[in-house]
1. Just give me the residues in region 187-211 being within 14 Å of Glu523 (Cα to Cα), open to solvent by 10 Å² or more (accessible area, probe 1.4 Å) and among the acidic types (Asp, Glu), in sequence order.
2. Filter region 258-314 down to the residues that are touching an Asp or Glu at 6+ places or on another chain (Cβ under 8 Å) and within 19 Å of Val216 (Cβ to Cβ) and list them by number.
3. Among the residues of region 286-304, are any hydroxyl-bearing (Ser, Thr, Tyr), within 24 Å of Val185 (Cα to Cα) and touching a helix residue (DSSP H, G or I) at 6+ places or on another chain (Cβ under 7 Å)?
4. Yes or no: Ala267 in a helix (DSSP H, G or I), modelled with pLDDT of 90 or more and under 21 Å from the mean Cα position of the chain (by Cα)?
5. Select from region 7-26 the residues that are open to solvent by less than 20 Å² (accessible area, probe 1.4 Å) and of a type in the set (D, E, K, R) and list them in ascending order.
6. Go through Gly319, Gly284 for me and flag whichever is farther than 22 Å from Thr534 by Cβ and not polar (S, T, N, Q).
7. Test of understanding: among Glu241, Glu245, Glu237, which residue is in a helix (DSSP H, G or I), away from the ligand (no atom under 16 Å from the Cβ) and surrounded by fewer than 20 Cβ atoms within 10 Å (Cβ to Cβ)?
8. For residues in region 155-197 being charged (D, E, K, R) and either within 9 Å of the ligand (Cβ to nearest atom) or in a loop (DSSP other than H, G, I, E, B) (or both), which is nearest to Glu30 (Cα to Cα)?
Amino acid sequence: MPDPTLLPLRVMSLHALIYCERLFYLEEVEDICVADEAVYAWRALHEEIQDQAEGPFESHVLESESLGLRGKVDCIRSRDGSVIPYEHKRGRSRKGDGDPDAWETDRIQALAYGLLVRDCLGVLVQEVRVRYHEDNALVKIALDDGGEAAVRTAIARANKLRASSERPAVAKNEHLCVHCSLAPVCLPEEERLAGDPSWEAIRLFPADPDVATLHVVTPGAHVGRSGECLTVACPKEKANEYGAETLGAVVLHGNAQISTQALGLCAAKGIVVHWITGGGTYLGSFSVGSGPVQRRIRQFTALSDEGRRLSLARKLVRGKVAGQFHFLLRATRGKDRKAIGLESAAMTMRSALRQAQAAEGIETLRGLEGSAAHAYFSVLPALLRQEVPPALRPEGRSRRPPRDPFNAALSFLYALLYKDVLASILSVGLEPAFGILHEPRSSAHPLVLDLMELFRVPLADMPVVASFNRLQWAEADFVRTGGKVWLSDSGRRKAIEVYERRKEERWKHPVTGYSLSYARLIELEVRLFEKEWTGTPGLFARMAVR
Ligand code: SF4
């Protein structure tokens, strides 16, 4: 008898269960759904079938309390006094030695529909059929005692998994993952690599984002809605349209406006909207939320464990300092390192790296991180070429407010990075307020500040230094008021271009061994962070630039 506290199971979910128990769990328990091309094609086929259905046995939505099942049968036909449910599949049948056969996933799904029809409509069902459209094969399956027992066993297993708080292990057969729509969320290859360092991971995680970020920079610009598009109207200019499906985020700079209708479209399409002040300070974001609560509960439980939190904070600090250290070493090749103060900075940073490994408390780690950052920023100005005009050169690090053009550009890129890390945290389904190293002292989310540490060097420091060395900046790109320096309108556009270009560049991840864009790297790292408590730990914060 099914557990009365559980809603009836979707028949479709049995297909996932037979394919891979982890897939079933991610979809049914964690409510994760990735609509890839195969899913869209499947929907199109089923809509076509619905359009063609006729007669008394058109598509039925059925639910059986006794079976604990619910589902929509593609088609039911009557043949020689018997009722036959049909399941339509887009792909090919299984080719054995003889006639075409059904795949086991399809067989259990079709049989489950057969039981559902028999139970709900009170008719005789002795056979179910699966139609494979790609090779035009029709497979007939007997609904006998063996078939019924197989479905009931699958239902019992599914309900056991639904009651569990443990994600099942990744599929033993790695070939299944290559065709799995949830591979970018599940990260099976990374999990195998974490368990076996000799594993040669293949990239199932998309290398580039399939959606773009729309920056609205022009003062007085207005974002509206036209059907399924966002429109951006700038004063005295013709409005431009952007298809909502092509966008992942909208960033409103300065006094740009957005309408309620446009926000509604963003909410419906999962587009995150961020606000950044004209001075480059991150203000806030609008998003539909972090999805099901289970992931945040697990995060909270994991990060409430002081031992685990300390261990993650150690990894984070080491990852950050290692990134800064390697960047300095790389950028000062051929320079007189002693003269620019690198030798003493290197000593401080090496010492911080060593001590962070064994640090006994979060406060100690914060201190080590702070002294390493101080050493790093003391050398950073020396990375700029002599040709960079003195008026644009920095003197150490100044944050709130920036006191020179270099720091103004750096702070602006950090604000852009902040919103991207936040968006990734939300898309993974984590809670940005539960962090490991930063305290909730300001309105900034601690976890965003934590994970940003890994990306400051590759996504902000390196491209800003490179752009200054390419002499891309001019005095007109900055506004000076009192001792403060902000980006002007042209400066903001330049900074956005520098940052977005950098996000598009691909980089070979030193641990997973595959290449992906920096834009995708942020989400990958957030997912590896979550794996520290939901899967096989060991890959988080090991991506330092070399
Ligand atoms: S990627 Fe592999 S392990 Fe993960 S859910 Fe899909 S089939 Fe299962």
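1. Scanning region 187-211 gives Asp208, Asp210.
2. Residues satisfying the conditions are Leu265, Lys269.
3. yes
4. Judged against the criteria, Ala267 is a match.
5. Selection gives Arg22 alone.
6. Only one candidate passes the filter, namely Gly284.
7. When all the criteria are applied, what remains is Glu245.
8. So in region 155-197, the residues charged (D, E, K, R) come out as 157, 160, 162, 166-167, 172, 174, 189-192, 196.
So of that shortlist, the ones also either within 9 Å of the ligand (Cβ to nearest atom) or in a loop (DSSP other than H, G, I, E, B) (or both) come out as 166-167, 172, 174, 189, 191, 196.
Details: Glu166: 11, Arg167: 9, Lys172: 21, Glu174: 22, Glu189: 20, Glu191: 18, Asp196: 26 Å.
So, considering only residues that are charged (D, E, K, R) and either within 9 Å of the ligand (Cβ to nearest atom) or in a loop (DSSP other than H, G, I, E, B) (or both), the one nearest to Glu30 (Cα to Cα) is Arg167.
The values are calculated or read from the model by the stated rules, or taken from the named source; none is laboratory data. Remember, predicted model here, so these are calculated numbers, not experimental data. Cβ: placed from backbone, ideal geometry, glycine included. Neighbour counts: every protein chain shown. For the accessible areas, the whole protein counts, side chains as well, though only heavy atoms, and no ligand, DNA or RNA atoms are used. Shrake-Rupley method; radii C 1.70, N 1.55, O 1.52, S 1.80 Å.
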